[in-house]
Amino acid sequence: MSDVADFAGEAQALHDADLAERLEHERLAREAQPGTEECIECGDPIPPRRREAMPWVTRCVPCQEFEDHKGRRRR
Ligand SMILES: [Zn+2]
C-alpha cells in the first residue's frame, strides 16, 4: 500500500502526515490501554480472532455493538 502513497505525490504526502498523526495517536491510545482478554462490560472472554483483528478492543461483540448504537443513535 505504501507504494501507492509514494506515487500519489506531495499533496498526498501532506494528507498522509495528517493521517499519520491520527494513526500515531490511535496507536498510543492502544498501547496505553492494551487489549484485554475479557470484556470490560460483562467479563465475557473476547474471542481470540476478534482480538487478533482488533487488538485494542476491550468489549465483546454484543457489548461493542450496544456501545456503537448508544453512541450513534440518540432517542
Ligand atoms: Zn461484553
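Laboratory data are not the source of any read-out in this text; all were calculated from the coordinates shown. It should be emphasised that the depicted structure is a prediction, and the values quoted were computed from it without experimental measurement.
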**Fill in**
In whole Å, largest first, the alpha carbons of segment 35-75 cover along the principal axes 33, 19, 12
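Between Leu14 and Glu26, 0.36 nm times their residue separation minus their Cα-Cα distance comes to what?
2.5 nm is the gain from fully extending Leu14 to Glu26.
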**Fill in**
Spelling it out for Glu38: with amide H atoms placed in the peptide plane at 1.01 Å from N, the residues 5 or more places away or on another chain with amide H under 5 Å from its amide H are Ile46
